[in-house]
Amino acid sequence: MKIFLDTAEIEEIRSAYETKLLAGVTTNPTLIRKSGRDPVEVIKEMSAEFTTLESISAEVVADTAEEMVEQAQAFKGLWNVTIKVPCTVEGLKACRKLAEEGFKVNVTLIFSVAQAILAENAGASFVSPFVGRWFDNSMDGIELIKKIRNVFTGDGRFTMCNILAASVREVYQVEECAGVGADICTMPPKVFWKMYNNVMTDKGLEQFQKDWENVNHV
């Protein structure tokens, strides 16, 4: 399973990017608004600096498919920018048009298998089921990932559409998304860094250090 970072803060991305473990970045209007910068500027800066990332999402916000497609033209020619659209009638119309123009498209705000099927048929490169938000409403977000995986690969069927687990809040959710077949998991920086942590690792390092010091004092 590939790891994406869910943030619009360049410094946060830079720190994680240096680990060489990231495959992409997801953003949304809320995250970019927090950065206090122009959305197009931010995405173009990310695309130029983080050249090995395979996908940097840029969400378009409009009422009609035509407006969404028009907004996406600001990113034309940026090979690693993915256009993010909502799973609505207009959003999926835009998805189809953008896919035909050669854009990668991420259909977001997926909360059912039916929506994932529609997005795949519209030419999406990614579908983004919202795991954490589903749990917030007393529904099993991991089960949703599992059901979409079963549909996308069941009965020998093959799809180029990736399942991108989104709205992840805890490390255990990352683990479970991987376990049920998510292709990608996008997470806040704090969750990414928590993935390194384990009390047994800390204890092991402490013991190794003591043993090393004892050897050097012999």
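The values are calculated or read from the model by the stated rules, or taken from the named source; none is laboratory data. Treat the numbers as computed from the prediction; the structure is a model and nothing was measured. Please note: Cβ atoms are built from the backbone with ideal geometry, for glycine as well, and neighbour counts cover all protein chains shown.
For this structure, a couple of remarks:
- Out of Glu100, Glu120, Glu90, Glu143, one residue alone is surrounded by fewer than 24 Cβ atoms within 10 Å (Cβ to Cβ), of a type in the set (Asp, Glu) and within 17 Å of the chain's Cα centre (by Cα). It is Glu120.
- Only one of Phe111, Phe75 that is in contact (Cβ under 8 Å) with a residue 24 or more places away in the chain, in contact with a helix residue (DSSP H, G or I) (Cβ under 9 Å, 6 or more places away or on another chain), of a type in the set (Phe, Trp, Tyr) and closer than 20 Å to Val40 by Cα: Phe75
- Applying the criterion of being outside any loop (DSSP other than H, G, I, E, B) and of a type in the set (Phe, Trp, Tyr) to the residues of the range 134-175, the residue that is nearest to Leu118 (Cα to Cα) is Phe152.
Yes or no, residue by residue, for (1) surrounded by fewer than 18 Cβ atoms within 10 Å (Cβ to Cβ); (2) over 25 Å from Ala94 (Cα atoms); (3) in contact (Cβ under 8 Å) with a residue 24 or more places away in the chain:
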site: Thr19; (1), (2), (3): yes, yes, no
site: Thr27; (1), (2), (3): no, no, yes
site: Val42; (1), (2), (3): no, no, yes
site: Glu45; (1), (2), (3): yes, no, yes
site: Ala48; (1), (2), (3): yes, yes, no
site: Leu53; (1), (2), (3): no, no, yes
site: Ile56; (1), (2), (3): no, no, yes
site: Val60; (1), (2), (3): no, no, yes
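- Filter result (assigned to a loop (DSSP other than H, G, I, E, B) and either under 23 Å from Ile184 (Cβ atoms) or under 16 Å from the mean Cα position of the chain (by Cα) (or both)) within the range 33-68: Phe50, Thr51, Thr52, Leu53, Glu54, Val60, Val61
- Filter result (under 24 Å from Tyr17 (Cβ atoms) and not hydroxyl-bearing (Ser, Thr, Tyr)) within the range 48-75: Ala48, Glu49, Phe50, Leu53, Glu54, Ile56, Ala58, Glu59, Ala74, Phe75
- Residues in the range 175-192 that are in contact (Cβ under 8 Å) with a residue 60 or more places away in the chain and either over 13 Å from the mean Cα position of the chain (by Cα) or over 18 Å from Thr108 (Cβ atoms) (or both): Ala178, Pro189, Phe192.
Table: residues versus (1) touching a Gly at 6+ places or on another chain (Cβ under 9 Å); (2) assigned to a loop (DSSP other than H, G, I, E, B); (3) among the hydrophobic types (A, V, I, L, M, F, W, C); (4) at pLDDT below 95.
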position: Val25; (1), (2), (3), (4): no, no, yes, no
position: Leu31; (1), (2), (3), (4): no, no, yes, yes
position: Asn106; (1), (2), (3), (4): no, no, no, no
position: Gly132; (1), (2), (3), (4): yes, no, no, yes
